[in-house]
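Down below is the structure, laid out as C-alpha cells.
Nothing in this text is a laboratory measurement; each read-out follows from the coordinates by a stated rule. As the structure is a computational prediction, the values presented were derived from the model and not from experiment. Using ideal geometry, Cβ is built from the backbone for each residue, glycine included, and neighbour counts are taken over all protein chains shown.
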C-alpha cells in the first residue's frame, strides 16, 4: 500500500518530499549542523547585513527535528497531491515557493536584527492548507486522526491560533508569524496572481499557436462564426478559456479553438492598431 501511495504522488510533491528527507539526513549525519543552520537557515541579521540572499530559499529545506520534518512532509503529501493535480506541477511549485519564500521575507521584516536561524517549510505548508481550504472548503479532515472537521474550519482555527500567538511575546512568535504570513501571501496570490498570470498565459499561448499554424491553414476554408448574442458568446469564450487553463490548448476541441480564433479576430476588429 505504501508503494502504491508513492506511485500515485504527483512529481512536484514527490520531489519536494525527497529533497527535504535527503537534506535532513545529510544535516543530521554531518558534524557541522549549527554552521549549516547559520549559513542556509534564515538568519535575518546575516541575510540583510552579510547579503546571504539565498537564505529565504534554502531555509525551506532545513528542519529542526524529525517530528518537525514528519509533520510538514505529511501535510505536504496529504494536501499537496490534489492541489498539484488540479494546478499542474509548475503552478504548484511556483505557489509553494512564493508562499515559502514570501513568508520568510515577511518574518525577516519583523526580526531584522535577529541572529537566530529560522528553519522549516511551515510557511509554504500553511500556504498549501489555505489554498486547500479555499478550493475544497467542505472536505472533511480528521484532526488527530479521529475528530472530523470541515477543512474550512480547520484552516480558520489554525489562522486564528497563529494570529493571536504572533501577538504574544514568547519563543514561538517567529514560527507563528511565518505560518500566518504563508497563509496571507497564499490568499493574496490565489485572489490576484493566478488569474492575472492565467490570462497572460492564455493570450500568449493562443497567439503563438496561431502564428505556428497560420502558414499551414491558409488553404483551409474559413468558417464564419454564427451570429449569436454577445453575452452568450462572451460566456462561451470564458468557459473555453477556463478549460484551456485547466487542461491546456492541445486538449481543446476543434470547435472550441475556432471559437477562440473568432473571439480573437473580433477583438482585433474592435480595437484596431494605431
## Note on the structure
Subtracting the Cα-Cα distance of residue 38 and residue 134 from 0.36 nm times their residue separation yields 31.0 nm
### Query
Which distance in Å, rounded to a whole number, links the C-alpha centroids of the range 18-73 and the range 90-119?
12
## Note on the structure
On the formula 1/(1 + (r/R0)^6), with r taken between the Cβ atoms of residue 149 and residue 191 and R0 of 35 Å, the FRET efficiency rounded to 0.05 is 0.90
### Query
Taking the simple approach of a point 7 Å from Cα along Cα-to-Cβ for both residue 57 and residue 239, what is their distance in nm?
4.3
### Summary
Between residue 78 and residue 25, the FRET efficiency computed from the C-beta separation at R0 = 25 Å comes out, to the nearest 0.05, as 0.70
## Note on the structure
The orientation-averaged projected area of the Cα convex hull of the range 1-144, in nm², is 9.6
